[in-house]
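One structure is given below, encoded as structure tokens.
The values are calculated or read from the model by the stated rules, or taken from the named source; none is laboratory data. Values in this document were obtained by computation on a predicted structure and should not be read as measured data. Ideal geometry is used to build each Cβ from the backbone, glycine not excepted, and the neighbour counts take in all protein chains shown. Protein only, heavy atoms only, side chains kept; ligands, DNA and RNA dropped before computing areas. Shrake-Rupley method; radii C 1.70, N 1.55, O 1.52, S 1.80 Å.
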Amino acid sequence: MKVFPIAEGIQMVSVNATGFLFEGMWDLPYGVSINSYVVGKEEVALIDGICGWDHTKEGLDTFLKEAGIKLEDIKHVVLNHMEPDHTEWISAFLELYTDFDFYCSKPASLLLEHFFGKDDRIKVVADGDTLELASGHKLTFVSAPGVHWPDTMMTFEETTKTLFTCDNFGSFGSLESLTDEGCEEKDLEFLETQQQRYYSNVLASFSTQVGRGVQKTRELNPAIIAPGHGLAWKKDVNRIMDDYDRYVQYSKGIAKEEVLVLWGSMYGMSGKMVQYIEEILEREGMTHKAIPVNTTDLGTIIQHAWSATGIIVVAPTYEFNLFPPMSYTVEEMGTKRVQGRVGFYTGSFGWSGGGKKHFAEIIERKKMNWDLVEGYEFKGTPKEEDKRVVEEKVLEVIKKVRTCIAEQ
Ligand code: FEO
């Protein structure tokens, strides 16, 4: 756990968490930071808890010492969002100390009771409600439903113009410096890849609501954006807002001039076609990446799908249907709203086809609204004639992607 001042009377508490699956399912190749905040001194408001606390009395004493506060100073706990990555500490804390009030949205209050039992400490706040502290800090609650759950709100501290955004503007990746002021450009560029991973894995399904949250943030004109995951932004708040606007835009279809080749192969026959497709993309100067779906975690796949305008799917027919690791992947891309892409399916079959039809059925059923180039199934290993057909289709994908980018 690190405790670090980010503004007058405001401290960031952050822990780098590794070695687990986020939400029980998302791989974290570079970990994730979980942040909370301490506002004020004699009358303290904790925002989103005490990150990284080990739930012991000794650990709590260490935190209090590092933050320079006493336990009895804690008068208010603001819960911007009830997901347990921000609230798991509550039960242990209630066993040690109870002389404080919770501030949260109405939906959060209902969940708080379900998670931790009925509690008369809960104060429900609405958009625009305020809480003034003895230190002069003034907290205004800003509703942000759907970022990432219906209960979410943000909290704006007016004297320092610090906006505590919880999941909004979050990122995967462990932190060395807690703010963008301590980062070099190369660090920020790397962390951007983890922002996109976080957005696509966790927030993508709620892109409309996130877009509203970004707009609301711009209207508040914060000097500091202090999220629940990732860097606190002080030097360049516009950078993270622009990145998030871009991710929201990608949900509408036109992303980067990139083609993602998602592939799976049972005995290497569809795999041979992948090599050929990559050669065409390389020759045509199209930025591309090929990912095998049966040996790659879903989080990585969705991360790269999010910024690709074109997605080529290569996988065989398996028992009259699309190769199961691929059908799962396409279904999950539909759930995560990877929509409006230029798409093309090809793959091999032995006794009967079926992959092409199953692929198109998933795209339709999940309302993914892809612009599909007519799919192509080939028998056994790809022959010269199959390659000629696929080359035409890949060139059509490239042309459509470039047209999309040019016309946006
Ligand atoms: Fe970081 Fe939706 O919790």
List the residues whose amide H sits under 5 Å from the amide H of Gly173, counting only those 5 or more places along or on another chain, with H placed 1.01 Å from N in the peptide plane.
Tyr30, Gly31, Val32, Ser33
Using a 10 Å cut-off on Cβ atoms, rank the peptides 282-293, 116-127, 336-347 from the highest mean neighbour count down.
336-347, 282-293, 116-127
If one computes the Cα centroid of region 1-49 and of region 100-171, what distance in Å separates the two points?
16
Can you give the accessible area of Tyr318 in Å² (nearest 10), computed on protein heavy atoms with a 1.4 Å probe?
90
Once you put a point 7 Å from the Cα of Thr18 and another 7 Å from the Cα of Ala134, both along the Cβ direction, what distance in nm separates them?
4.1
A chain fully extended from Met266 to Tyr97 at 0.36 nm per residue, minus the present Cα-Cα distance, gains in nm 55.0 nm
Suppose a student asked you for the relative contact order of region 18-61, using Cα pairs under 8 Å spaced at least 6 residues apart; what percent would you report?
23
Note, region 317-325: 3J(HN,Hα) by Karplus (6.51, -1.76, 1.60, θ = phi - 60°), whole Hz, Gly/Pro = x, goes 6, 9, 6, 6, 10, 5, 2, x, x
Report, for the chain, the % of DSSP beta bridges that are antiparallel, rounded to 5.
45
Neighbour cut-off at most 14 other Cβ (10 Å), DSSP loop, chymotrypsin sites (Phe, Trp or Tyr not before Pro), region 351-381
Trp351
Could you work out the relative contact order of the chain? I mean the mean sequence separation of Cα pairs under 8 Å and 6+ apart, divided by the number of residues, in percent.
12
Can you tell which of Cys104, Phe344, Leu262 lies farthest toward the positive end of the dipole of the chain, using +1 and -1 charges on the Cβ of basic and acidic side chains (Lys, Arg; Asp, Glu)?
Phe344
I need the phi-derived Karplus couplings for region 136-144: 6.51 cos²θ - 1.76 cosθ + 1.60, θ = phi - 60°, integer Hz, Gly and Pro marked x.
x, 5, 10, 9, 10, 8, 10, 5, 9
Each residue of region 109-124 in turn: what ³J(HN,Hα) in whole Hz from Karplus with 6.51, -1.76, 1.60 and θ = phi - 60°, glycine and Pro shown as x?
4, 5, 6, 4, 5, 5, 7, 10, x, 4, 8, 7, 7, 7, 10, 7
Within region 364-397: backbone nitrogen closer than 17 Å to the Trp351 label point (7 Å, Cα to C-beta)
379-380
What number comes out for accessible area per residue over the chain if the probe is 1.4 Å? Units Å², please.
42
Calculate, for Asp61 and Val389, the FRET efficiency according to 1/(1 + (r/R0)^6) with r their C-beta to C-beta distance and R0 56 Å; round to the nearest 0.05.
0.20
Cα centroid separation, region 250-327 to region 385-401 (Å)
14
How much of the accessible area of the chain, probe 1.4 Å, is carbon plus sulfur, in whole percent?
50
Explain nothing, just the number: dipole magnitude of the chain about its Cα centre with +1 on each Lys and Arg Cβ and -1 on each Asp and Glu Cβ, in debye rounded to the nearest 20.
1280
Taking a ≥ b ≥ c as the square roots of the eigenvalues of the Cα gyration tensor of region 218-290, is the shape rounded (a/c under 1.5), prolate (a/b larger than b/c) or oblate?
prolate
Quick one: grab the alpha carbon gyration tensor of region 259-397, order the square roots of its eigenvalues as a ≥ b ≥ c, and give me rounded if a/c is under 1.5, else prolate or oblate depending on whether a/b is larger than b/c.
rounded
Just to be sure I understand: with springs between alpha-carbon atoms less than 10 Å apart, which residue in Val259, Val274, Val389 has the highest mean-square fluctuation in the Gaussian network model of the chain?
Val389
